[in-house]
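Just passing along the structure, written as structure tokens.
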Amino acid sequence: MGLGRALKNIRRGKGRSALTLCGVAVGVFAVVVISGIGVVGTQQVTSAMVTMGINSALVEASESGGDIVLTDEDVAAFSRLDGVNKAMPLMASPSESKLLETSLVCYAWGVDQDAKDIISIEAIHGRLINEGDVEAHAMTCVIDEVLARNSYGRSNIVGKKIRLLLAGGYYDFEIAGVAKSGMTGLQNMMSGIIPDFVYIPYTTMQDISGKTNFDKIALLLDGDNADESLTDDLTSEVNQLKNTENGLIITNFQSQKGQLNNILSTVTMVLSLIAGISLVVSGITVMTTMLVSVGERTREIGIKKSIGAENKDIMLEFLLESVLLTAMGSLIGIALGTLVCAVGCVVLEMPVLIPFKSVLLSFFFSAAMGALFGVYPAMKAARLNPIEALRN
Amino acid sequence: MIRIKELTKIYSPSAGQQVKALDGVSMEVREGEFVAIVGASGSGKTTLMNIIGCLDTQTDGEYFLDGEDISQLSSSQLSRIRSEKISFIFQGFNLIPTLTAAENAELPLIYRRIPAAKRRETVMRALEAVGLEKRGDHLPAELSGGQQQRVAIARALAADAPIILADEPCGNLDSRAGASVMEMLHELNRTGKTVVLITHDNGAALTAHRQVRISDGRIM
Ligand SMILES: Nc1ncnc2c1ncn2[C@@H]1O[C@H](COP(=O)(O)OP(=O)(O)O)[C@@H](O)[C@H]1O
Ligand SMILES: [Mg+2]
């Protein structure tokens, strides 16, 4: 009954109520969309982090340690360190690939059979480099899906030949597998400058480049303990093993992940704050609406008091109305906001994520706002002197 | 039931300005009485009714309602007394324009926290008693003045308070509608309600058991 009457009174204020509803809806809409962007962004980054191997780390010579060489013994030694599950030699070389008539700049990596775990590449067709390839110094490779699409127009080109420019000469490789493009651990470490990767056995790479050592050693860290302090410990341990001061550095994503998450949550927070301010503004609109409504209904309040309404009855009546007003506005805002989030995710081909926490939060926040900004008008109504109200 | 002694009411519409609306009024109304308070416009009738109806409080003097000193009560206690003991019938009807006749009549019961089923039944009977059972879902604007005043009477009937305070209830009505309203007030009185009728119409006043004449805030 109370709710019905409140709704009726809201409808009575037609234009004014509609504008107020709009104001609240826009505020809530902004909050939902902005936190939607935040949630989706964070999720994208996190999932990228996971696919690129959040637990992997890369040991390489620092600028000061240019002449340090990494060998098979180092791989074995590093793999025995506390907190390290696996170690893998890694060779790197800028390259050019030729597939059919298409020449593309790419980056060639010499890896072993552990690449899947350590730098988290994944074969979508065929297979990855295996132990046999490494032992046989095979002329096989795994290429990025993008390379396949750019040349053949399809992704499954397992068994085709690819010509790679390595150490100044062209070499023909057989494509053993096609890997998912983007956001592998290595691509992340290359800061995304070089887009397409080709993976070959590191032994083959050594043969071609005439090297017997490695450029880098990739480590798979123990997932539970992989944090920044582990990275620091490992850095001093590998330097000790190689008898250098700062000759080796370890790069991993722990610190990057933390930083990125910090930036993301700060940006989201600042944006949400701005959106929150718009909610406060709409709260003030609610107050104005309610004050006008109290003014218009002074006589009605007088009548109600004359027939026995207590101050708290009048108070509750107006409070209910302002809470209902904001609740309806925020429901509209939430509906539109989630719709925009969902459509945005679909258009951008991302998994649809609704920021439920913000949706709930902004709903209750705006309802609380309705109550808060409704209190003054409601008190004003409740405290009206009945005879003065009746004379109105 | 109503006992008033040396009641004074001074309005201060603005600082330094004072209007003495009631000046030492003493009167009594017994349970079941039909009393008319008669006086010219501006003589203080409405002021007196507002105090009797617990809508306002006196500046000086005593007012006891059923032995209770009204000047000592809080605003929520006054609301409760209005809710339980008093029904007003105003010259301007004072119906809520957005509520239907039935909803208007129902309002006092809502504030008394009467359950919905009981309310509906009571309102139906009240509207029947004033001959408006077919107009329950009409808004006040869709009713004539006489019908609106009958809705106000139905509201008083539904509230079933022992005291009816009617301030110029026929003031805005033609003589036929006015007569029918007067008849209903008498009917209410016959069922045991105490009725205080405020009027400047001598003819109407003469139908009451007793007349109290007021002039310039004093009882004559
Ligand atoms: N709120 C008020 N402020 C100032 N003066 C008032 C107020 N209400 C009534 N009065 C004055 O008190 C006197 C009595 O008014 P009222 O009781 O309304 O008379 P009646 O109902 O007999 O016409 C009048 O002079 C009126 O102007
Ligand atoms: Mg008057």
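Test each condition in (1) more than 20 Å from A:ARG299 (Cα to Cα); (2) within 14 Å of chain A (Cβ to nearest Cβ) for B:ALA177 and report the one that comes out false.
For B:ALA177, the exception is condition (2).
Within the stretch A:310-359, count every residue that is assigned to a helix (DSSP H, G or I), closer than 15 Å to A:GLY38 by Cβ and either within 14 Å of chain B (Cβ to nearest Cβ) or out of contact with any Phe, Trp or Tyr (no Cβ under 8 Å at 6 or more places or on another chain) (or both).
Number of matching residues: 8.
Report, by residue number, each residue of the stretch A:360-390 that is in contact with a Gly (Cβ under 8 Å, 6 or more places away or on another chain) and within 14 Å of chain B (Cβ to nearest Cβ).
Correct list: A:LEU384, A:PRO386, A:ILE387, A:GLU388, A:ALA389, A:LEU390.
Please verify whether B:THR59 is in contact with a Ser or Thr (Cβ under 6 Å, 6 or more places away or on another chain) and either of a type in the set (D, E, K, R) or within 13 Å of ligand 1 (Cβ to nearest atom) (or both), treating the condition exactly as stated.
Yes, satisfied.
Which one of these does B:ASN50 not meet: (1) under 17 Å from B:SER87 (Cα atoms); (2) within 16 Å of ligand 2 (Cβ to nearest atom); (3) touching a residue at least 12 places away in the same chain (Cβ under 8 Å)?
Only one criterion is unmet by B:ASN50, namely (3).
From the list B:GLY171, B:GLY131, B:GLY136, B:GLY145, pick out the single residue that is away from chain A (no Cβ under 13 Å), touching a helix residue (DSSP H, G or I) at 6+ places or on another chain (Cβ under 6 Å) and not aliphatic (A, V, I, L, M).
Exactly one residue qualifies, and that residue is B:GLY136.
Which ranges mark the helices (runs of 4 or more DSSP H) fully within the stretch B:131-220 that have 2 or more residues being farther than 24 Å from B:ILE4 by Cα?
Correct list: B:145-159, B:175-190.
Follow-up. Restricting attention to the stretch B:153-165, which residues are modelled with pLDDT under 95 and within 16 Å of ligand 2 (Cβ to nearest atom)?
none
Can I ask one more? Restricting attention to the stretch B:205-215, which residues are within 16 Å of ligand 1 (Cβ to nearest atom) and in contact with a strand residue (DSSP E or B) (Cβ under 7 Å, 6 or more places away or on another chain)?
Across the stretch B:205-215, the qualifying residues are B:ALA205, B:GLN211, B:VAL212, B:ARG213, B:ILE214.
Somewhere in the stretch B:60-73, is a residue within 16 Å of ligand 2 (Cβ to nearest atom) and either within 14 Å of another protein chain (Cβ to nearest Cβ) or over 18 Å from the mean Cα position of the chain (by Cα) (or both)?
Checking the stretch B:60-73: not a single residue is within 16 Å of ligand 2 (Cβ to nearest atom) and either within 14 Å of another protein chain (Cβ to nearest Cβ) or over 18 Å from the mean Cα position of the chain (by Cα) (or both).
Something else: Scan (1) within 13 Å of ligand 1 (Cβ to nearest atom); (2) surrounded by fewer than 18 Cβ atoms within 10 Å (Cβ to Cβ); (3) within 15 Å of B:ALA159 (Cα to Cα) for the single condition B:GLU121 breaks and write down its number.
That leaves (1) as the condition not met.
Tally up the residues in the stretch B:148-159 that are within 12 Å of chain A (Cβ to nearest Cβ) and either under 19 Å from B:PRO115 (Cβ atoms) or surrounded by fewer than 24 Cβ atoms within 10 Å (Cβ to Cβ) (or both), please.
Qualifying residue count for the region: 3.
Something else now. Restricting to the stretch B:179-206, give me the number of residues that are surrounded by fewer than 15 Cβ atoms within 10 Å (Cβ to Cβ) and of a type in the set (S, T, N, Q).
Of the residues in the stretch B:179-206, 2 are surrounded by fewer than 15 Cβ atoms within 10 Å (Cβ to Cβ) and of a type in the set (S, T, N, Q).
Let me spell it out: the conditions are (1) farther than 18 Å from B:ARG150 by Cα; (2) within 8 Å of chain A (Cβ to nearest Cβ), and B:SER87 meets all of them except one. Which number is the exception?
The one condition B:SER87 does not meet is (1).
The rows are residues; the columns are (1) at pLDDT 90 or above; (2) away from ligand 1 (no atom under 12 Å from the Cβ); (3) crowded, with 18+ Cβ neighbours inside 10 Å; (4) within 12 Å of chain A (Cβ to nearest Cβ).
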| position | (1), (2), (3), (4) |
| --- | --- |
| B:ILE4 | yes, yes, yes, no |
| B:VAL19 | yes, no, no, no |
| B:LEU22 | yes, no, yes, no |
| B:THR47 | yes, no, yes, yes |
| B:GLY53 | yes, yes, yes, yes |
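Okay, moving on. What residue, among those in the stretch A:357-392 that are of a type in the set (A, V, I, L, M, F, W, C) and closer than 23 Å to B:GLN58 by Cβ, is farthest from ligand 1 (Cβ to nearest atom)?
A:LEU384
Here's a follow-up. So for the stretch B:26-45 (the condition being within 13 Å of ligand 1 (Cβ to nearest atom), within 14 Å of chain A (Cβ to nearest Cβ) and surrounded by fewer than 20 Cβ atoms within 10 Å (Cβ to Cβ)), does at least one residue qualify?
No: the stretch B:26-45 contains no residue that is within 13 Å of ligand 1 (Cβ to nearest atom), within 14 Å of chain A (Cβ to nearest Cβ) and surrounded by fewer than 20 Cβ atoms within 10 Å (Cβ to Cβ).
Give me the residue from the stretch B:175-204 that is more than 16 Å from the chain's Cα centre (by Cα) and of a type in the set (D, E, K, R) and, out of that set, nearest to ligand 1 (Cβ to nearest atom).
Selected residue: B:ASP201.
The values are calculated or read from the model by the stated rules, or taken from the named source; none is laboratory data. Quick caveat: nothing in here was measured; it's all calculated off a predicted structure. With ideal geometry, Cβ positions are generated from the backbone for all residues, glycine too; neighbour counts draw on all protein chains shown.
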